[in-house]
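What follows is calculated from the coordinates using simple rules that are stated; it is not laboratory data. Since this is a predicted model, take the numbers as computed values, not measurements. Every residue, glycine among them, receives a Cβ derived from its backbone with ideal geometry; neighbour counts consider all protein chains shown.
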């Protein structure tokens with residue numbers, strides 16, 4: 001399967017250097033290729049649907065910086081907005097008009113939210129939303145779902161997804177999922193099963209009066225793509241309302257990706273708080289959380305829930321976010337993404353079916369996962385039963401033929417408005433070749 005003509009010397013050299021000065025040679029664990037083996041590609045530049053690594057190899061990109069590049073890399077409108085912002089200054093530690101403009105655009109797309117607070121990462125957004133929920137309700141317990149990943153704040157690293165499924169956390173490690181997280185923190189986090197309404201009902205019956213909030217991925221992307229059932233979504237809304245807990249939709253990955261109003265719009269959700277990231281920064285570091293005014297006004301300086309950030313609302317990141325949302329709203333790519341996704345899903349399914357290789361392909365909009373297993377995947381337990389060894393072969397086959405898929409069975413793949421019929425045909429051509437050799 002290996003294309004012996006593909007040079008990787010420069011990436012290998014950089015990885016060796018990086019391991020001397022950065023833990024594991026990377027600044028986020030999944031980048032290390034630990035789940036699939038081999039040397040990670042060091043990226044030199046990107047344009048449209050493609051990356052170029054340090055050795056000059058062109059890679060058709062299905063990672064999209066893990067979600068934010070919905071318009072494709074280096075989109076002209078975003079680049080121009082960043083260039084204009086750079087000429088005015090990098091950071092002020094003071095309010096700017098761009099913060100107001102981006103806030104208005106996000107809230108316009110999410111009519112159930114009245115106010116928003118910007119932070120600098122998705123982890124900050126979920127951490128802050130949970131603090132706010134506890135402050136607003138006066139309760140301590142939170143509920144998350146097994147395999148959902150909400151960033152690396154201490155209380156959320158409990159049976160989490162993302163890199164913890166293939167890294168040090170394993171596939172079934174009990175809480176907490178990371179060393180350095182005190183048991184006392186983990187004890188404040190209750191874990192339920194995604195798409196198990198009866199289990200959630202039982203949990204609330206036992207401890208509902210102490211639960212401040214339930215946080216969930218509306219469409220799971222960090223255990224691979226898992227789609228919520230209507231029964232599960234109904235139970236989430238009903239139980240949180242009945243017991244006075246807040247419902248927090250973690251749209252860091254799905255916000256503005258699945259629809260202009262994200263999964264909230266697509267699935268008809270009514271959360272109390274929403275967390276955003278990725279796309280609203282246009283590729284620069286941004287996070288945000290928002291909700292009803294009565295809740296958000298508990299945040300300092302109006303209320304007793306403290307949260308701050310020197311770089312929050314950074315003017316360059318705000319400019320990138322404004323340009324991205326403007327483009328999404330004036331030139332919506334969602335119909336194109338759905339057509340591309342359907343053709344990709346059907347093409348992949350046909351190739352694997354013809355080869356007799358058991359797979360389940362889950363997709364919502366421009367998020368897709370190929371699970372190497374038979375039968376449906378609607379729960380964490382079903383996802384982690386996938387054949388990770390076969391995925392590893394699949395991943396390296398694609399990479400060696402110029403298609404860059406996420407380096408983990410348990411991560412969603414993403415495509416962008418820059419992916420066209422040319423990219424679709426090339427992807428299926430490579431997959432067919434790789435599958436023949438599996």
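Here are the numbers for this structure:
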{"quantity": "GNM flexibility winner over the chain from 107, 273, 71 (Cα, springs under 10 Å)", "calculated": "107"}
{"quantity": "Beta bridges per DSSP with both ends in the chain, % antiparallel, nearest 5", "calculated": "60"}
{"quantity": "For segment 170-309, the Rg and Dmax computed from alpha carbons only, in angstrom", "calculated": "15.9, 43"}
{"quantity": "Whole-angstrom Cα spans of segment 368-438 along principal axes, big to small", "calculated": "36, 29, 19"}
{"quantity": "Average silhouette area of the chain, convex hull of alpha-carbon atoms, in square nanometres", "calculated": "20.2"}
{"quantity": "Residue exposure sequence - 270, 144, 34 - by fewest surrounding Cβ within 10 Å", "calculated": "270, 34, 144"}
{"quantity": "Sequence of 392, 278 once ranked by neighbouring C-beta atoms within 10 Å, starting from the fewest", "calculated": "392, 278"}
{"quantity": "Between segment 105-122 and segment 369-438, the alpha-carbon center distance in angstrom", "calculated": "33"}
{"quantity": "Label-to-label distance, nm, for residues given as residue 330 and residue 107 (7 Å Cα→Cβ offset)", "calculated": "2.3"}
{"quantity": "Calculated on alpha-carbon atoms, Rg and Dmax of segment 233-328 in Å", "calculated": "14.8, 42"}
{"quantity": "Order of 353, 238 under a 10 Å beta carbon neighbour criterion, fewest first", "calculated": "353, 238"}
{"quantity": "Span from the segment 179-237 Cα centroid across to the segment 290-343 one, whole angstrom", "calculated": "24"}
{"quantity": "CD proxy at 222 nm, helix term only [per DSSP H run n ≥ 4: -39500 (n - 2.57); per residue of the chain; nearest 500]", "calculated": "-11500 deg cm²/dmol"}
{"quantity": "In Å, descending, principal axis extents of the Cα set of segment 308-414", "calculated": "51, 33, 31"}
{"quantity": "All-pairs alpha carbon distance profile, segment 76-330, 10 Å steps from 0, percent", "calculated": "8, 32, 36, 19, 5, 0"}
{"quantity": "Overall Cα dimensions of segment 1-89, principal axis frame, Å, largest first", "calculated": "42, 31, 21"}
{"quantity": "Candidates 370, 21, 101, ranked by Gaussian network fluctuation over the chain, Cα under 10 Å, top entry", "calculated": "21"}
